[in-house]
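The values are calculated or read from the model by the stated rules, or taken from the named source; none is laboratory data. Please read these numbers as outputs of a predicted model, since none were measured by experiment. Counting neighbours? That spans all protein chains shown, and the Cβs are built from the backbone with ideal geometry, glycine included. For the accessible areas, the whole protein counts, side chains as well, though only heavy atoms, and no ligand, DNA or RNA atoms are used. Shrake-Rupley method; radii C 1.70, N 1.55, O 1.52, S 1.80 Å.
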Amino acid sequence: MQTKAIKDPQIFVSQELRKVFDDMKKYGEFKTLENKDLFMLAVLFGYLNGKTKPLGSQDKTESGFTRERYLSDKDNAILKAIAIAETGTIDIADDVPKVYAIAEKYANGGTNYLKEFVFDDPASFTKKYASLLKELCSKRNT
Amino acid sequence: MQSIIIKKIDLINYRQFIKQTIEFNNDSKGNIVIIQGENGFGKSNIYNAINWCFFGVEEHLRSDAHTLPVCNTKIFNKLKPETSTETIVRITLDTPSGEKEIERKHLIYKNKDGKPYVAQNDLNIMEVVGKNWKIAPNPEYIISRILPKNMRHFFFIDGEKLRQLFENIKSDQIKKSIFELSQISLLQNATDHLSYFKNVLRKGIDLKREPDLSQYQEYLDRLQKTILNNKEQLVQLKNEVDEAYINKSKLDQELQELDIEHIKTLETQRRGLEEKINILQKNYEEKEKAFFSDLIRMAPPIIILKAIKSTLNIISDLQQENKLPPTIQQTFLEDLLANMKCICGADLRKEENMSCKKTLEELLEKAKYSDMADDILKLKFELKSLLIEEGKVDDVINKYELSIHEIKDELNASNKRLKEVKTKIGEVDYDKVKTINEDRNNLEKTIGIWLGKIGKLEVTISTDEKKYKEIETLYNKELAKKDKYKIVINKLKFCDHAMAELQKVKEKLMDEIRDEAEKNTQDYFNKLISSKKFSPPRISDNYELIVEKDGFNAVTSLSAAETLCMGYSFMAALRKTSGFLAPIVIDTPLAKIDKKYRLNVAEWLKNALYDAQVILLVTDSEYTKEFRDAILPCVRDEFILKHDKNAETSEVIRHAN
């Protein structure tokens, strides 16, 4: 449980996802997003589609895509909730590297979904994303 | 008396007509010919073609079109440099003196730079002499006997411009119209002939034997030559000034049609709309940006709602089962144990207090988990906040979407309006406005110069005529001294007497004709307009056209329709009074006439112009069923203009009915 010794851990993404992010940053509002926002988006797409994919060893050789210090409390809460839901234990919340490892798997798993969603028509991302969220809201109400 | 009738018009390579023959029906009764067509289909170019053939001018052209050759533009554009093309307008007339064919031909040459110039301008009239067609020797003279060039505006009428022409008509132009149309020039010719005859009489005297007379005669000859030259120049200048005034009126009309004030309003609208669109566009972009970043911010709790709920359930279960470690301050316990002093003050070193020490040590062990408890509580708080946010997401999205939709709608509407305004502005040719203004200024300058010259010439002529009379008196006195020239003296006196009588007759005739023209104008005008708002039109002693209202001349404040009716009345009156038999061609005769007067015009056409061939060039909106039904008994022919937009050509075809 004493994992807090790792100070400001890094968060890694696959090379493929990194390339997707680079491409996304060429379009409109994506230019304004920070790396941690992009990472969170990928995690969400992975989680939404229930897809995880562990990072390869080659993915961790590069420097991290973002770090803990860039994440807000809210971001951490989201990642922890995912990790707790995934493992079914609250203890994982205290193991930040594990929380991030699970998040990295989801982000990696969400690569293709994100890619497809964004690059199908980057200009209409907001419209599509809003409609997706509304659909989820309506499902939640039913 | 039989009127002059246009039997046929041939247009070859003229404007949008490639090869067109319009042959009027001779068999049917009726005097009215209808040529119907939408704007831009070539009505005005038929009107232009008739004017061009008769007088070499095109009345109804846009100012920029004057620079274009009369031939078809596509044909000209296809010409290779240094080659030429021919444009012909031929009008076949049926006149009381037989058939005549007026043909005007331009040979248009394309120079090396691709620019056109008229290499040859021919006017020929063929006429039937006996059984043969022959070329008439003086075509301009023949045309002037059919219709003098200066009077063409009263026979070949541009309905759109008649108001302008009529508003600007000067009293001396009315006088001149009456003079010319009434053929009083015949009396003037007689006076001129008598003057010439006096010269002949005087030249019969052998001046070598009469040195006293010789000096006077030489002086008189010189003066007469000067006076004649100056009079010719004066006539020419006056004609040019008349033309220039008409052209100036046309330019004014063109400017009026461009409506500068309207353009300014449109420009203001355009600027306002562009500013509004800029602001709306910025608002739209900012809203989209905010929507995007809020979506990014709001999305997680919706997407991971299941995970949040499950985490909160786990935490809640742990809390209910008291499995969550209590919040204990580790440092505080460590301090108590280090000092071996319990919170109650008991010394932990003592044996009897060992149980307290043990309790503190157990609590310290638990405290190692108390950070985790903090984190879990914090996580619970964050997740609950996320759930609250999640509950508001669809509202927020709906608000954004509505607001963006509204901005977009307003933006689209503003863009649409801007496009309309820009189209309207685009239709205005600023170069055209500039060109018209320049042309107008040049015309005004030229008119000013010409009027100055006219004034000088008139003074010179009047002084010379006075001088001529003085010298003539001296001459006559000298001649009277010589008995041998008694017969010549008597003949000269007779000529003077005859000339004075002719002058009286001319003045009397002018008065009579003016009265008749006035009466006819009144008759026609009353038939066209039954309004009692103003007095019947009058032609005053100094040939001013007067329509009195409240004691003032209201001729320039008549409505468009009233002015047009006045113009038609005056034209018909002049025609009737003068006996000129030329056909009447009216382009857009009803364009400015209110519906309520249109049937009056139909009646007037039937009654006032029953003896003239009347060619009406009408738009579809003018030639309504009601109007057609009204004039149908007098309609000889009906034609329709067809236009091929791609080929930019038109053709006139006979109406199916």
In the set B:Glu261, B:Glu257, B:Glu274, the lone residue that is under 30 Å from B:Lys422 (Cβ atoms), in contact (Cβ under 8 Å) with a residue 12 or more places away in the chain, more than 9 Å from every other protein chain (Cβ to nearest Cβ) and under 34 Å from the mean Cα position of the chain (by Cα) is B:Glu274
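Kindly indicate which of B:Ile296, B:Ile304 is under 30 Å from A:Lys80 (Cα atoms), within 14 Å of chain A (Cβ to nearest Cβ) and open to solvent by less than 20 Å² (accessible area, probe 1.4 Å).
Only one candidate qualifies: B:Ile304.
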The number of residues in region B:639-657 that are at pLDDT below 90 and among the aliphatic types (A, V, I, L, M) is 2
The correct count of residues that are surrounded by 19 or more Cβ atoms within 10 Å (Cβ to Cβ) and more than 21 Å from A:Glu16 (Cα to Cα) in region A:107-127 is 1
(Q) Take B:Thr311 and tell me if it is among the polar types (S, T, N, Q) and surrounded by fewer than 14 Cβ atoms within 10 Å (Cβ to Cβ). (A) no
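For B:Asn339, are the conditions met, namely being out of contact with any Lys or Arg (no Cβ under 8 Å at 6 or more places or on another chain) and open to solvent by less than 60 Å² (accessible area, probe 1.4 Å)?
Judged against the criteria, B:Asn339 is not a match.
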The one condition A:Ile78 fails out of (1) buried (at least 19 other Cβ atoms within 10 Å of the Cβ); (2) more than 8 Å from chain B (Cβ to nearest Cβ) is (2)
Review point. In this structure, does A:Lys60 turn out to be in contact (Cβ under 8 Å) with a residue 12 or more places away in the chain, open to solvent by 30 Å² or more (accessible area, probe 1.4 Å) and away from chain B (no Cβ under 14 Å)?
Key: yes
Residue hits (region A:81-95; in contact (Cβ under 8 Å) with a residue 40 or more places away in the chain and open to solvent by less than 30 Å² (accessible area, probe 1.4 Å)) are A:Asp94, A:Asp95
Practice prompt. Inspect region A:99-106 for any residue being closer than 20 Å to B:Ile314 by Cα, surrounded by fewer than 20 Cβ atoms within 10 Å (Cβ to Cβ) and over 11 Å from the mean Cα position of the chain (by Cα) and give the result as yes or no.
Written response: no
Among B:Arg152, B:Arg163, the single one that is modelled with pLDDT of 80 or more and either buried (at least 18 other Cβ atoms within 10 Å of the Cβ) or within 20 Å of B:Ser97 (Cα to Cα) (or both) is B:Arg152
Looking across region B:210-265 at residues that are of a type in the set (Ser, Thr, Tyr) and touching a helix residue (DSSP H, G or I) at 6+ places or on another chain (Cβ under 9 Å), the single one that is nearest to B:Thr191 (Cα to Cα) is B:Thr226
Exactly one of B:Leu324, B:Leu312 is in contact with a helix residue (DSSP H, G or I) (Cβ under 7 Å, 6 or more places away or on another chain), in a loop (DSSP other than H, G, I, E, B) and more than 8 Å from chain A (Cβ to nearest Cβ), and that one is B:Leu324
Given the conditions (1) open to solvent by 40 Å² or more (accessible area, probe 1.4 Å); (2) free of Cβ contacts under 8 Å to residues at least 60 places away in the same chain; (3) part of a loop (DSSP other than H, G, I, E, B), every one holds for B:Thr21 apart from (3)
The correct count of residues that are open to solvent by 80 Å² or more (accessible area, probe 1.4 Å) and within 14 Å of chain A (Cβ to nearest Cβ) in region B:400-424 is 3
Screening B:Val459, B:Val505 for residues that are β-branched (Val, Ile, Thr) and in contact (Cβ under 8 Å) with a residue 24 or more places away in the chain leaves only B:Val505
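For region A:19-33, give me each residue that is more than 10 Å from chain B (Cβ to nearest Cβ) and either free of Cβ contacts under 8 Å to residues at least 12 places away in the same chain or in a loop (DSSP other than H, G, I, E, B) (or both).
A:Lys19, A:Asp22, A:Lys25, A:Lys26, A:Tyr27, A:Lys31
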Of a type in the set (Asp, Glu) and open to solvent by less than 60 Å² (accessible area, probe 1.4 Å): does that describe B:Asp431?
no
Across (1) within 13 Å of another protein chain (Cβ to nearest Cβ); (2) crowded, with 17+ Cβ neighbours inside 10 Å; (3) touching a residue at least 60 places away in the same chain (Cβ under 8 Å); (4) not small (Gly, Ala, Ser), B:Arg440 clears everything bar (1)
